[in-house]
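**Q** First the structure, then my questions, so here it is.
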Amino acid sequence: MSLNGIDISNWQPDIDLSAVESDFVIIKTTEGTDYVSPVADTQIQQAMKLNKLVGVYHYATGAGAVDEAKFFLSNIQGYMGKALLVLDFEGEAIASGPTYAKAFLDTVYQATGIRPLLYTSKSVINQYDWSAVSNVYDLWGAQYASNAHTGYQSDPWEDGTAWGSFGKPVIRQYTGYGRLAGYAGDLDLDLFYGDKDDWQSYVTSDDDNTEPEPSTKTPIVQYSDAKGNRAYAYTHWQAVTGKPDVAVKSDLTKYQQKTDPFVLTSPNGTQYQLAVDDKGVLSAVEVKDA
């Protein structure tokens, strides 16, 4: 199973995605630490309204891996969990090598729980040792057979060499000279090796795939007394109605613990001691002098 798609940027400001056939669209949002594509939001919104799978990418410039990642994140908050995330690693950034790319990818992953993809060419893959990156992140790889115009391809040309430690890209960009009905200019054409569920696995945070552990903490909340003071602490182990009885210190002897009592102070300075009975039900009693 595979999906056909395109990647676009500010170089295609007037593209009408409703007129161009594609399963997915990957859209440039940011570059460096100070550029936001003025058409990115429009392109993303249209793609989503058309129910296309969506990705967003940042074009690295070498201005600082962590700073670039934070800039990217600050401009895609509304699309977190809705779009695949990508670092576009080409141009001047290549000289910074895999360490720079990994620092960017790690920053995004640590902030979101989403594993972004690395986009780069096969020549760059074979220029460095990418094992530290490929152990954690997957590849969107670029390699072209020629500059000839072409439509979508289900089995694009390969030169027979490996994609380094990545083994194989999960997305392949096989031309920058694509021609599709509905758009007059050249387009980057891409092939995703998977189905919609596979795509979604790159959109979803790793945290979303983990069952949360049941809480072992007793939630305590405060209720207002008759005068509007937030004073009474209750447990949610069972529903509690009304207010606890006001007691003097001598009333607390049946709840005597071997350790120091747990006392809460309300905003008006009144102190309340939490007490638990043999059924595990908490109550709060006001601490007064006998």
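**Q** Which residues, counting only those in the stretch 1-43, are acidic (Asp, Glu) and crowded, with 18+ Cβ neighbours inside 10 Å?
**A** 7, 23, 31
**Q** Could I ask something else about it? If you scan the stretch 9-27, which residues turn out to be over 23 Å from residue 197 (Cα atoms) and within 22 Å of the chain's Cα centre (by Cα)?
**A** Residue satisfying the conditions is 9 alone.
**Q** Taking residue 102 as the residue in question, decide whether it is open to solvent by 20 Å² or more (accessible area, probe 1.4 Å), farther than 22 Å from residue 2 by Cβ and basic (Lys, Arg).
**A** The answer is yes for residue 102.
**Q** Would it be correct to say that residue 72 is touching a residue at least 40 places away in the same chain (Cβ under 8 Å) and more than 23 Å from residue 6 (Cβ to Cβ)?
**A** No, not satisfied.
**Q** Residues to consider are 150, 99, 112; find the one that is closer than 21 Å to residue 202 by Cα and hydroxyl-bearing (Ser, Thr, Tyr).
**A** The match here is 112.
**Q** Here's something else I'd like to know. Tell me which of these residue 127 doesn't satisfy, since it passes every other one: (1) under 26 Å from residue 48 (Cβ atoms); (2) part of a loop (DSSP other than H, G, I, E, B); (3) of a type in the set (S, T, N, Q).
**A** (1)
**Q** Filter the stretch 151-167 for residues that are of a type outside the set (Gly, Ala, Ser), more than 19 Å from residue 188 (Cα to Cα) and at pLDDT 95 or above and give the result.
**A** Hits for the stretch 151-167 are 163, 166.
**Q** State all residues of the stretch 159-193 that are on the phi > 0 side of the Ramachandran plot and either in a loop (DSSP other than H, G, I, E, B) or exposed (fewer than 15 other Cβ atoms within 10 Å of the Cβ) (or both); if no residue qualifies, say none.
**A** Listed by number, the residues that qualify are 160, 167, 182.
The values are calculated or read from the model by the stated rules, or taken from the named source; none is laboratory data. Everything numeric in this text was worked out from a predicted model, so none of it was measured. All Cβ positions, even for glycine, are placed from backbone atoms using ideal geometry, and neighbour counts span all protein chains on display. In case anyone asks, the SASA skips ligands and DNA or RNA and just uses the protein heavy atoms, side chains included. Shrake-Rupley method; radii C 1.70, N 1.55, O 1.52, S 1.80 Å.
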